[in-house]
Amino acid sequence: MIATTALDKLEEKGFLDIAVDPTLDLATEIARLKKEKNAVVLAHYYQDSEIQDVADFIGDSLQLSQEAARTQADIILFAGVHFMAETAKILSPEKKVLLPDLLAGCSLADSCPPHLFRLFKEANPNAVVVSYVNCTAELKTLTDICCTSSNAVQVIESIPEDRPIIFAPDRNLGEYLIKKTGRNLILWNGTCMVHEIFSDEKIGRLQHRHPEAELIAHPECEDSLLEKADFIGSTSQLLKYTQTSPRKTFIVATEPGIIHQMAKASPGKTFIPAPPQNNCACNECPHMKRNTLEKVYLALKYEQPEIQLSDEIIRDARASIDRMMEISARAGLG
Ligand code: 13P
Ligand code: SF4
């Protein structure tokens, strides 16, 4: 049972603000709760390493959606951000989907309010709408096909050449796709607050100091950085690249949470997080980092905060995700 005050606070703060006994071994408690409740913990690569270490599955946005669709668990605890947990709920509506902190949002999702996007869509009535999965469930209801950074090229290439395409909400990923596919996309002007903060100048200095290093970057980064990158890919593609490349040093231009898995997979290699413009840790995603091990434990214990979506939103948003899943399966992704 949760006390009423804790539930009131959940509405206000987005998470269960209940004191956790500091002597508890949270990893053991989380393992016990998972077993007791037939729950699974899915974690994105940008989560804190201690959360990744209690997860049953760690992956990029596409892999996590695929896992959410196929899991036999009754409860999915999504250690990631709101749009990811919503996608899991859309794919597995019969399951309870928990997000440790409901305020774990995303600057890309925030940049594209559905009421404004509706007008944008009306101004381009013949366009096929492709939305990066980093958007709200409501935006997905206005979308023909979703994509992630792992399958965006295949999604764009699946659309007949004579059809105009709207791409939302990430302008940087959109510009990258224009170059990669040669298609003329109509872009929504959104950006990821993490990937646009990297400093070209500081990265240039790092490259000068480490001429042996390869610069690897996520396509949410700005074009000026991508131009200099030795490899561009989604989080899972970046991880794979560091395992297969013969190089020993990498400058990593994405959220540094991924370095935990890179270092685990290639213990002899060096990973340097790409520096942000200011003297801050603003290359860390503040939304992803709202989740903590304590919040994961509390969410599993009390089965709150839960993702709630109406049947209409689930039905209307699902079609765009199903199309993405079909294209990914055809392309042998996942
Ligand atoms: P991927 O893990 O799909 O590459 O996405 C990165 C990201 O920004 C998720 O918010
Ligand atoms: Fe959103 Fe960027 Fe954070 Fe990913 S890293 S959740 S795109 S703000």
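Since every read-out is calculated from the coordinates, none of them should be taken as a lab result. What you see is a predicted model, and the numbers here were worked out from it, not measured in a lab. Note that each Cβ is placed from the backbone with ideal geometry, even for glycine, and that neighbours are counted across all protein chains shown.
Per-structure values
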item	result
Antiparallel %, DSSP beta bridges [both residues in the chain], to 5	5 percent
Candidates Pro125, Pro275, Pro114, ranked by Gaussian network fluctuation over the chain, Cα under 10 Å, top entry	Pro125
Angstrom value of the Kirkwood radius, inverse mean 1/r, which spans all Cα pairs in the range 1-132	16.8 Å
Dipole magnitude of the range 96-242 about its Cα centre (Cβ charges: Lys, Arg +1; Asp, Glu -1), debye to nearest 20	220 debye
Residue-span extension gain [Arg163 to Thr249] - 0.36 nm each, minus C-alpha spacing	26.7 nm
Rounded to the nearest 20 debye, dipole of the chain from Cβ charges on Lys, Arg, Asp, Glu	700 debye
Largest-first principal axis extents, alpha carbons of the range 124-269, Å	51, 29, 26
Whichever lysines have a C-alpha closer than 16 Å to that of Lys121, once near sequence neighbours (fewer than 8 apart) are set aside	Lys140
Least to most buried among Met84, Met325, Met1 (fewest other Cβ within 10 Å first)	Met1, Met325, Met84
GNM result for the chain, Cα springs below 10 Å: residue of Thr23, Thr235, Thr148 fluctuating most strongly	Thr23
DSSP bridge pairs, the range 189-334: antiparallel proportion in percent, nearest 5	10 percent
Ranked Ile178, Ile203, Ile216, criterion: other C-beta atoms within 10 Å, fewest first	Ile178, Ile203, Ile216
Cα→Cβ-extended label distance, 7 Å offset, between Glu326 and Ser310, nm	2.6 nm
Residue pairs, from the table Lys9/Lys34; Lys9/Lys264; Lys202/Lys264; Lys228/Lys295, whose Cα atoms sit over 30 Å apart	Lys9/Lys264; Lys228/Lys295
Cα point-scatterer Debye curve for the chain, base-10 log of I(q)/I(0) at q = 0.09, 0.12 Å⁻¹	-0.48, -0.85
Positive-end residue of Leu187, Phe250, Leu333, charge dipole of the range 175-334 with Cβ unit charges	Phe250
Charge dipole of the range 34-183 about the Cα centre (unit charges at C-beta), most positive-ward option of Val54, Ala104, Ala123	Ala123
Fluctuation leader among His208, His195, His260 - the chain, Gaussian network, Cα springs under 10 angstrom	His208
Projected label distance in nm at Asp8 and Asp56, using a 7 Å step from Cα toward the beta-carbon	3.6 nm
